[in-house]
Amino acid sequence: MIRPMRREAFMPAGVAMLLLLVAVFFIGPRDRDVGIATTAAPEPALALDGEAEAAGSGAAPAPGVEAAGGGRMRTLIARYSARLSSEAREDDCVQAVEGVTKLLSGPGPGELSDEQVQVALNQLRRAAIDPSGDDALLASVLLVPRADTSPQDAADQLRELGQRAVVSRNPLLAWHALRACVRAGGSCPITHLEAELLQTQPQNAEAWALAAELRYGRGDAGGALAAMEHAAAAQTANWYWPESVAVIKRAMAAQTDIPYADRVATAFGAMAAAVSPWANALCQAESRSSRCWAEACLALAKLRAEHNETHLGRTLGYGLQASMQRVLGDEQGAMEAETLRLKANAAQLTGGPAMSAALTQLGLVLLAADPVQLGNFLDDIRASGEMEALRRLPQQAASSAPSRADGAAEKLRECLARSAGTEVMGGWGTEATAYRVQPGDELHITYRGGEPGEGLAIREVGPGGEVRLAEEPITHVPAAGRTLAELERDISALFGPETPSRRVTVLAIPAWREST
């Protein structure tokens, strides 16, 4: 039986989550070696072995990367470069990504000191006092740490944000006022404005979910359920990610001397720290004894999974959907929702951890170097969602590379074209479980084991047709020619008897072949 593995080797599902990864630099990684903290209830993750799949952390950054952007962005980019081992850099597609990254990197300003950052935040706070300074006020609320703000100042700031949101009927301000009110808990000074804040965005399920949290927190269980039922009947589920990033960047440009690249890093970091799986814990608690709660929360989960603009929001939606369907006795629906969540995470890791880290680094360099590309990226998120925006970034980078690219951009386009049509195969209850694995295929193996949690391993099927699961003890499983369903049973047997709370799921990303 495969032994439980070390926590420090765990790989969170979703390494390329670009809008959330920037939080690593601002609030620190939770997994020491290969993890990325998402700050908002990251999905539990366990590796199937004790060896980190991503490359060694001691590798040197790619040439030229150290010059990209300002101090904070440069440090973040270098962190992703350090994930690539010398072996990973021998891959021709990784080499193409790094070649384009180097060509897009330009000279950047020096490091920002803590004193410079503090001066900039103080400038924002002063600008926020101006009645016309809505951007500065919102940026100040999002950027200034609560530890650096007195309780009275924080209350005054939130009160001002709520009042301006009501007067302007600005849904962005109203959203953040509700969110900040939830975070303030019992000390929130604008609970009397709740109804007016909700009127600015009556079809946003996420705003009603915040209202449910507020009402439940003050002991109004009936009002909380009513708010959740409004969420269930809404038409969208919006966290205002791109709009908020744009406001923070714009306010910092107008009020501070912080360089452009660091403004980008700061804006992404602030929004990463602001997200939270609102209503999830509330739904888990109340649905156990109330079918009305379970049905309303299920509807919210489906809206979040379909309409939220961020990858995190959508995967949280699938997770909540699975939980509520189990409460309602729909085990098949729960398994299908889990499959959708796993497929969403597998799709963004196509090419494996090394390629994912290289593409993430490339995306950061592109956004740090070109304000036009950042604007296009935010527009793409608003129109099509984060994952579609991320898919377009490498193509945009290849198009933006200088003419001296020496074939790197052309090679990058070729590598992207290879994977453009690849489909994540497998998933519970689907015909794709009959897909027969071939050498070179990339397998995403997920183990849900209840207590220690969930684990993810990404493995390539070797030339001999075997897949390596662990080194201690050495565990190789024959894979080539096996269907995904058969492979799931083979791997599951290594963990002991399968139960409803403990199971293995294997998804496959077929290798690119000349004949396809």
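The values are calculated or read from the model by the stated rules, or taken from the named source; none is laboratory data. It should be emphasised that the depicted structure is a prediction, and the values quoted were computed from it without experimental measurement. Reconstructed Cβ throughout: ideal geometry from the backbone, glycine too, with neighbour counts over all protein chains shown.
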Provide a single number: the residues in the range 281-302 that are closer than 14 Å to GLY319 by Cβ and buried (at least 22 other Cβ atoms within 10 Å of the Cβ).
6
Residues within the range 257-277 that are of a type outside the set (A, V, I, L, M), modelled with pLDDT of 85 or more and not in a helix (DSSP H, G or I), tallied:
2
Can you name the helices (runs of 4 or more DSSP H) wholly within the range 314-413 that have at least 3 residues being surrounded by fewer than 21 Cβ atoms within 10 Å (Cβ to Cβ) and over 17 Å from the mean Cα position of the chain (by Cα)?
331-347, 371-384, 386-400
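Give the range 118-135 a look and list any residue that's modelled with pLDDT of 80 or more, surrounded by fewer than 19 Cβ atoms within 10 Å (Cβ to Cβ) and under 18 Å from VAL167 (Cβ atoms), or say none.
ILE129, ASP130
Test ALA246 against the criterion of being in a helix (DSSP H, G or I) and surrounded by fewer than 23 Cβ atoms within 10 Å (Cβ to Cβ), and give yes or no.
yes
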Can you name the residue in the range 492-516 that is of a type in the set (A, V, I, L, M) and under 28 Å from the mean Cα position of the chain (by Cα) and, of all such residues, is modelled with the lowest pLDDT?
ALA511
Every listed condition ((1) part of a loop (DSSP other than H, G, I, E, B); (2) buried (at least 23 other Cβ atoms within 10 Å of the Cβ)) holds for ALA231 save (1)
Mind listing whichever residues of the range 418-429 are under 24 Å from the mean Cα position of the chain (by Cα) and either in a helix (DSSP H, G or I) or modelled with pLDDT of 85 or more (or both)?
SER419, ALA420
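Tell me, please, whether a residue that is of a type in the set (A, V, I, L, M), closer than 20 Å to LYS302 by Cβ and assigned to a helix (DSSP H, G or I) can be found in the range 182-205. First the steps, then the outcome.
So in the range 182-205, the residues of a type in the set (A, V, I, L, M) come out as 182, 184, 190, 193, 195, 197-198, 205.
From the residues that got through so far, the ones that are closer than 20 Å to LYS302 by Cβ too are 205.
Within this subset, residues satisfying the condition of being assigned to a helix (DSSP H, G or I) are 205.
Looking through the range 182-205, at least one residue is of a type in the set (A, V, I, L, M), closer than 20 Å to LYS302 by Cβ and assigned to a helix (DSSP H, G or I).
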Pick out the one residue from ALA457, ALA432, ALA480 that is outside any strand (DSSP E or B), surrounded by 13 or more Cβ atoms within 10 Å (Cβ to Cβ) and either at pLDDT 85 or above or in contact with a Ser or Thr (Cβ under 9 Å, 6 or more places away or on another chain) (or both).
ALA480
